[in-house]
Amino acid sequence: MIMDGKKQMTIAACIDEVAAQLAGAGLYFGHGTDNARDEAAWLVLHVLGESLDGSFSDWGRPVDEDARAGIRRLVGARCKSGEPLAYLTGFTYFAGLKFEVSRGVLVPRSPISELILDRFQPWLRPEKVERVLDMCTGSGCIAIATALNLPDARIDAVDISAEALEIARRNARHHGVSQRVHLFESDLFQSLPACRYDLIVANPPYVPAGDLKELPKEYRCEPGIGLVSGEDGLDAVLTIMVDAPGYLREDGILVCEVGESERRLAAVLPRVPFLWLEFERGGSGVFVLTRDQLEEARPDVVTLIGEREYVA
């Protein structure tokens, strides 16, 4: 078993051993880290109660036996269960902020975090943004990070899951933005009060139903309702595209993530001028459309939805 014995071990050496065990366990890294070594550092520093903001530097410090036992337990749970480390620790980071998570929400990992930190420039003037809608909010990470980076804006956050909204509520309280982040239980726009937004940010489910069983176990630990959206993964995004213009101001925009469904969406709507964004820190499958572009695309989207329903 890793780190057994009486031999003294430094934090750096401990991380090396944990990384080797994680790398050899057939795990998938994509829920907060993208490699075994970064996840090992997260795991070890978490057990030691040290900061995960990149400021830690005392790598030569010895790890006492109590901490080593705690690390062994957490490594064992990660390797045996296949659950994302975020579920086992109860938290993760998004846009540099700490968020509570559980199996009732997806683990935050959207490249939209980069847009938030850039305050959605150049597509919006941050000082002019008054109201933002976060569709499919989950843990509330996008809504809360947006509130903190656009301090003059009110954020409405929507999710179909009451469990997810309770976690989002706790996260909003933790970050001190409960007065500006308002939560709504709704199936997309169905139960949302009429309003006009400068910005709608959507990270809906976009995995085809048949693909779920092929995903790594880490994804299958997450709530399926947050991942799967019909046979081709496009049900939610098409509904959002139809309804979003009615909730956007004249100069408003929709920012929407569809991940690996990017090619499918572009193929079924070839006349829609999707602006697919590039990210310095990695990620893809996020588009921007203006309200006018959505209005122009609406007949094609409505027709496509009708054809899909007819076939079904």
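The values are calculated or read from the model by the stated rules, or taken from the named source; none is laboratory data. None of these values were measured; they are calculated from a predicted model. With ideal geometry, Cβ positions are generated from the backbone for all residues, glycine too; neighbour counts draw on all protein chains shown.
Only one of the listed residues (Val177, Val158) is over 19 Å from Arg103 (Cβ atoms), out of contact with any His (no Cβ under 9 Å at 6 or more places or on another chain) and in a strand (DSSP E or B). That residue is Val158.
Within the stretch 51-75, how many residues are in a helix (DSSP H, G or I) and either surrounded by 14 or more Cβ atoms within 10 Å (Cβ to Cβ) or among the β-branched types (Val, Ile, Thr) (or both)?
The total comes to 7.
To keep it simple, each residue is scored yes or no on (1) surrounded by 15 or more Cβ atoms within 10 Å (Cβ to Cβ); (2) at pLDDT 95 or above; (3) in the same structural domain as Gly210 (by TED's automatic domain parsing); (4) more than 27 Å from Ala143 (Cα to Cα).
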| residue | (1), (2), (3), (4) |
| --- | --- |
| Leu248 | yes, yes, yes, no |
| Cys256 | yes, yes, yes, no |
| Leu265 | yes, yes, yes, no |
| Trp276 | no, yes, yes, no |
| Asp292 | no, yes, yes, no |
| Gly306 | no, no, yes, yes |
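Condition first: under 19 Å from the mean Cα position of the chain (by Cα) and surrounded by fewer than 16 Cβ atoms within 10 Å (Cβ to Cβ). Can you find one or more residues in the stretch 37-50 that meet it? The answer is yes; a qualifying residue exists. Of the listed requirements (1) within 19 Å of the chain's Cα centre (by Cα); (2) of a type in the set (Asp, Glu); (3) in a helix (DSSP H, G or I), Glu278 misses just one: (3).
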